[in-house]
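A.B. asks: To start, I am sharing the structure in question, which I have written as C-alpha cells.
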Amino acid sequence: MRQVFNFSAGPAVLPEEVLAQAAAEMLDWHGSGQSVMEMSHRGKEYMSIHEQAERDLRELMGIPESHAVLFLQGGATLQFAMVPLNLLPERGHADYVNTGEWSTKAIKEARRFGDVNVIASSEDRQFTYVPPQAAWKRSPDAAYLHYCANETIGGVEFPFTPDAGKVPLVADISSNFLSRPVEVAKHALMYGGAQKNIGPAGLTIVIVRKDLLGHARAGLATMLDYKVHADADSMLNTPPTWAVYIAGLVFQWLKRQGGVAGIEQRNLEKAKLLYDYLDSTAFYTNPVDRSDRSRMNIPFRLPDAALDEPFLKGAKQRGLLQLKGHRSVGGMRASIYNAMPIEGVRALVDWMREFEKSHG
Ligand SMILES: *Cc1c(COP(=O)(O)O)cnc(C)c1O
C-alpha cells in the first residue's frame, strides 16, 4: 500500500491495483515477451487491447451504436478547435455556456473559427454556479451547444443535462468522465483528456454521433477530421498505445467497482464527507452554490492566505499531496477522482479539523 494520498487535479491518482498490474505486466505482457510500449500498434496483441478498451468503455457508459468512440491525442485543448472545425460551418454560429476557466478557453478557441454566442455566463459571480437554463438565450439554428460538464478549477459541476432541443449538444467531460452516469444519447459529442479520471496524459477520448461526421471544413488537416479517425478505428496513425492500455485496465477496474453506478455511490460519499465538514465550520469556505458543487474538484479557502503554507506543509507531512489550489483562484483544491479512496478524504478532513483547532 502506498503511504500517500494524491489530490492532484491532473495528471491525477490512478487505482493502485491498476498500477500494480501494469508493473507486473511491464516486461512481458501476457506471455508475448514484450512490453505494451514496444508492440506494433497493428499487431494482434495491441489490437486486442485497443478493441477491448473500446468495448469496455461502451459497456461502462452505455454508448449506443449511433456514436463512434475515438482515441485521439492533443488533449481537450485540441478539441476546443476540432469541435468547431468539424461541426461549425464557415458561416454558421455556435452557442456556448460559460461556467469558468475551461469554458472560457473553449469559447476563445472556437472564436478563431467562427461566430460564437455566449448564451449564458456565471462570470457575474466569479463562476460559482451554473446559470439556470430558463435564462439561456439559445438560438434554434446554432450548429451546436457547448458546455463544460465539470469546471475543474472552479469546482462547478452541472447537476443536469442541458436541453438543447434539436441542436447538437457538446460537452467537455474531461474532469468528470466516468464519475457518474451520463445521458449519452442526449449528446452529439463528448470529449475529455484521460489524465483526470481515466489514465495517463496523452490520450483524449471523443464520443461522437456518427451522422455528424463528414462535415469538416474544406482544406482541414487530415489529423483534425473526426471522420478520418472514425473510419480508421482510431488507427490513422500510431495511437497512444500505452495510454490506451492503462485506460483499458482502469475500465476493467471500474467494472469491478460496480461500473459507473457503483463508483458514483462512492464519489457521492466522498464528496459529502468533505462538503459536510466544510459546511460545519466557518474556518474553511467553498464559494460554489450547493446545487452546483463538483463531486470531483473541491476548492476551499482558509480564513487568511498566510495560513496556506503551514496548511500545505502539515498536509504533506501527513502524506496528503498536491492540495494547492489553481494559481488563478488561490486557496486549496482537493481533487477526489474515482481512484481516490475514501480513506484519503477522511485523512484530509482529519487534518483540516486538526489545523482548524490549532489556528482557528
Ligand atoms: C484539464 C482540462 C482541460 C484541458 O485538458 P488538456 O488535456 O490539458 O488539453 C480542458 N477541460 C477541462 C474541463 C479540463 O479539466
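A.B. asks: Could you list, in sequence order, the residues of the range 310-332 that are touching a residue at least 24 places away in the same chain (Cβ under 8 Å), under 26 Å from F127 (Cβ atoms) and part of a loop (DSSP other than H, G, I, E, B)?
C.D. replies: Within the range 310-332, Q322, L323, G325, H326, S328, V329, G330, G331 qualify.
A.B. asks: Let me ask something additional. Out of all the residues in the range 220-239, which are of a type in the set (A, V, I, L, M, F, W, C) and free of Cβ contacts under 8 Å to residues at least 40 places away in the same chain?
C.D. replies: A221, M223, V228, A232, L236
A.B. asks: Which condition does F71 not pass, out of (1) in a strand (DSSP E or B); (2) out of contact with any strand residue (DSSP E or B) (no Cβ under 7 Å at 6 or more places or on another chain), if it passes all the others?
C.D. replies: (2)
A.B. asks: Is it fair to say H41 is farther than 16 Å from A230 by Cα, open to solvent by 20 Å² or more (accessible area, probe 1.4 Å), away from the ligand (no atom under 16 Å from the Cβ) and not in a loop (DSSP other than H, G, I, E, B)?
C.D. replies: For H41, the condition - farther than 16 Å from A230 by Cα, open to solvent by 20 Å² or more (accessible area, probe 1.4 Å), away from the ligand (no atom under 16 Å from the Cβ) and not in a loop (DSSP other than H, G, I, E, B) - is not met.
A.B. asks: Going by the conditions given, is A185 more than 20 Å from D115 (Cβ to Cβ), out of contact with any helix residue (DSSP H, G or I) (no Cβ under 9 Å at 6 or more places or on another chain) and either in a strand (DSSP E or B) or not acidic (D, E) (or both)?
C.D. replies: yes
A.B. asks: Yes or no: the range 164-177 includes at least one residue that is on the phi > 0 side of the Ramachandran plot and part of a loop (DSSP other than H, G, I, E, B).
C.D. replies: Yes: the range 164-177 contains one or more residues that are on the phi > 0 side of the Ramachandran plot and part of a loop (DSSP other than H, G, I, E, B).
A.B. asks: Would you point out which residue out of V118, V83, V130 is in a loop (DSSP other than H, G, I, E, B) and at pLDDT 95 or above?
C.D. replies: V130
A.B. asks: While we're here: Please specify each residue of the range 175-210 satisfying the condition of being farther than 18 Å from Q265 by Cα, of a type in the set (G, A, S), open to solvent by less than 10 Å² (accessible area, probe 1.4 Å) and within 14 Å of the ligand (Cβ to nearest atom).
C.D. replies: The answer is G192, G193, A194, G199.
A.B. asks: Quick one: is P11 more than 16 Å from the ligand (Cβ to nearest atom) and either within 26 Å of the chain's Cα centre (by Cα) or open to solvent by 60 Å² or more (accessible area, probe 1.4 Å) (or both)?
C.D. replies: no
A.B. asks: Confirm whether Y277 is assigned by TED's automatic domain parsing to the domain that holds L60 and either under 25 Å from Q195 (Cα atoms) or not hydrophobic (A, V, I, L, M, F, W, C) (or both).
C.D. replies: no
A.B. asks: Filter the range 293-309 down to residues that are more than 21 Å from the chain's Cα centre (by Cα), closer than 24 Å to S122 by Cα and assigned to a loop (DSSP other than H, G, I, E, B), then give me how many there are.
C.D. replies: Matching residues across the range 293-309 total 1.
A.B. asks: Among the residues of the range 225-259, write down those that are part of a helix (DSSP H, G or I), open to solvent by less than 30 Å² (accessible area, probe 1.4 Å) and not aromatic (F, W, Y).
C.D. replies: H229, A230, T241, A243, V244, I246, A247, G248, L249, V250, L254, G259
The values are calculated or read from the model by the stated rules, or taken from the named source; none is laboratory data. What you are looking at is a predicted structure, and each value in this text was computed from that prediction instead of being measured. Every residue, glycine as well, gets a Cβ built from its backbone with ideal geometry; the counts of neighbours run over all protein chains shown. For the accessible areas, the whole protein counts, side chains as well, though only heavy atoms, and no ligand, DNA or RNA atoms are used. Shrake-Rupley method; radii C 1.70, N 1.55, O 1.52, S 1.80 Å.
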